[in-house]
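Asker: Below are the C-alpha cells for one structure; questions will follow.
The values are calculated or read from the model by the stated rules, or taken from the named source; none is laboratory data. Just so we're clear, the structure is a prediction, and the values are computed from it rather than from any experiment. Cβ coordinates were reconstructed from backbone atoms using ideal geometry, including for glycine residues, and neighbour counts include every protein chain displayed.
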Amino acid sequence: MRRTPVCDVLGIDVPIVQGPLGGPWQQQMELAAAVSGAGGLGSVPTSLRAAGRVRQDVRRLRELTDQPFAVNMTRRPFLDDVFEAILADPPPVFSLALGEPTGLVQRVHDAGAVFMQQITTVEQAERAAEAGVDVISAQGSEAGGFSGFVSTMALVPQVVDAVRPLPVLASGGIADGRGLAAALVLGAQGVNIGTRFLACTESGMSSEWQAAIINAASEDAVKVAFAQHAFPPATAGGYDTVPRALRTTFVDEWNARSGEAAAAADLLRAQIRMATANGVAHRLVPLTGQSAGLIHEVLPAAEIVERIMADAEAAIRAAHALFG
C-alpha cells in the first residue's frame with residue numbers, strides 16, 4: 001500500500017499531509033519541503049503572517065522543492081490581502097481551516113489549485129462538499145491547535161458516508177502507521193498530521209518544546225478553555241473550535257480562572273504577543289495534540305513519512321493475519 005485515490009487528486013505519492021504549524025509557531029519551509037520531497041504534501045502556514053511573509057515563504061519553498069505543496073489559510077482570522085497574494089502565485093493545493101469555504105472555492109479553482117477543506121463536524125463536511133471542495137480533512141478533537149469536540153474515530157466514518165465519493169483525510173490523534181492504517185479502515189484515503197511534525201528536525205520548533213512533547217502523556221494535552229479571549233477572534237464564517245495544548249503554568253492557571261478571562265483579554269493577548277516576539281510562545285500555550293503520547297523521539301521529516309508508511313503496511317498485514 002503506497003498510493004490511494006486522494007494521491008492523484010493532490011499530486012502526491014503517499015497519503016500523508018503535513019498539517020500547517022501556523023500562528024505563533026514559526027514553522028520553517030524546510031519542513032514542508034522535506035515532507036513533499038518524501039512523497040507527501042508539505043504545507044505553508046499563513047496564520048498571523050503578513051502577505052509579504054507568505055510570498056517570501058512560498059518563494060523559499062519553491063527553491064527547496066519542485067514537488068506539490070499546500071498553502072493554508074484559516075478563518076481565525078481571514079485576511080483578504082493574504083488570499084490575494086496566494087492566488088497571485090497559486091500553489092498546487094489551497095487548504096482552508098477553522099471556517100467555511102463560502103465564496104473561495106471557485107476563485108481557487110480558477111487559479112488552477114486544488115481546494116482542501118478542514119472540518120470538525122459532519123454538517124460542516126456536507127456544506128463543504130456542496131461548495132465544491134476537492135478534498136475534506138476531518139479533524140477530531142484529539143488534534144492540537146483549534147479543533148472541535150467529536151473524536152476522530154467517531155467523526156471520520158460519518159464524514160466518509162456523508163460526502164462519498166469525495167476523498168476524506170483523517171486528522172487528530174494520528175502520529176504513526178497504525179493511525180494511518182486505522183484511518184484507511186474507517187474509510188479515509190489518507191491522513192493529515194500536525195503534532196508528529198512538531199517533533200522533527202526541520203520544523204524549526206524549540207528543542208524545549210520538542211522535549212516537552214516527547215515527555216508528555218496524552219492526558220497532558222488539554223483544551224484551552226480561555227482561548228477565545230487569548231487569541232485573535234474568528235472572522236465571519238468561523239467554526240466553533242477550542243485549541244488543545246500541553247499543560248503549562250499559564251494554561252493551568254487560566255483554565256482554572258476561565259470565568260475571569262474575558263475581563264483579562266487584553267492582558268492575555270499581550271502576553272502571548274510578547275512571548276511570540278521573544279520566541280517563547282510555547283512556554284505559555286504549546287499547541288499540541290493528544291498524539292504526543294505516541295511520540296518518543298525527534299526525527300527527520302522524511303524518516304517520519306517513511307516509518308508511517310512502512311508501519312501502516314505492517315499493521316494492515318497484521319490485521320489480515322488476525323482473520324486467518
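Asker: What single numbered condition from (1) farther than 28 Å from Ser141 by Cβ; (2) crowded, with 24+ Cβ neighbours inside 10 Å fails to hold for Asp80?
Answerer: Failed condition: (2).
Asker: In addition: Cβ-Cβ distance below 8 Å, separation of 6 or more or different chains: which pairs start in region 226-239 with a residue that is in contact (Cβ under 8 Å) with a residue 24 or more places away in the chain and surrounded by fewer than 19 Cβ atoms within 10 Å (Cβ to Cβ) and end on one that is among the basic types (Lys, Arg) and in a loop (DSSP other than H, G, I, E, B)?
Answerer: Pro232/Arg76; Pro233/Arg76; Thr235/Arg75; Thr235/Arg76; Ala236/Arg75; Gly237/Arg75; Gly238/Arg75; Gly238/Arg76
Asker: Still on this structure, please answer the following. Quick one: in region 185-209, of everything that is more than 17 Å from the chain's Cα centre (by Cα) and not β-branched (Val, Ile, Thr), which residue is nearest to Ser151 (Cα to Cα)?
Answerer: This residue is Leu186.
Asker: Here is a follow-up. Taking Gly324 and the conditions (1) in contact (Cβ under 8 Å) with a residue 12 or more places away in the chain; (2) on the phi > 0 side of the Ramachandran plot, which numbered condition does it fall short on, given that it satisfies the others?
Answerer: Failing condition for Gly324: (1).
Asker: Among the numbered criteria (1) closer than 19 Å to Asp220 by Cβ; (2) surrounded by 15 or more Cβ atoms within 10 Å (Cβ to Cβ), which single criterion is violated by His296?
Answerer: Failing condition for His296: (2).
Asker: While we're here: May I ask you to verify whether Leu31 is touching a strand residue (DSSP E or B) at 6+ places or on another chain (Cβ under 7 Å), within 15 Å of Phe197 (Cα to Cα) and not small (Gly, Ala, Ser)?
Answerer: For Leu31, the condition - touching a strand residue (DSSP E or B) at 6+ places or on another chain (Cβ under 7 Å), within 15 Å of Phe197 (Cα to Cα) and not small (Gly, Ala, Ser) - is met.
Asker: A follow-up question, please. Please enumerate the residues belonging to region 40-63 that are surrounded by fewer than 19 Cβ atoms within 10 Å (Cβ to Cβ) and assigned to a helix (DSSP H, G or I).
Answerer: Ala51, Gly52, Arg53, Arg55, Gln56, Arg59, Arg60, Arg62, Glu63
Results for (1) modelled with pLDDT of 95 or more; (2) more than 30 Å from Ala181 (Cβ to Cβ), shown as yes or no for each residue.
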| residue | (1), (2) |
| --- | --- |
| Lys223 | yes, no |
| Phe231 | no, yes |
| Pro243 | no, no |
| Glu253 | yes, yes |
| Ile272 | no, yes |
| Gly279 | no, yes |
| Ile295 | yes, no |
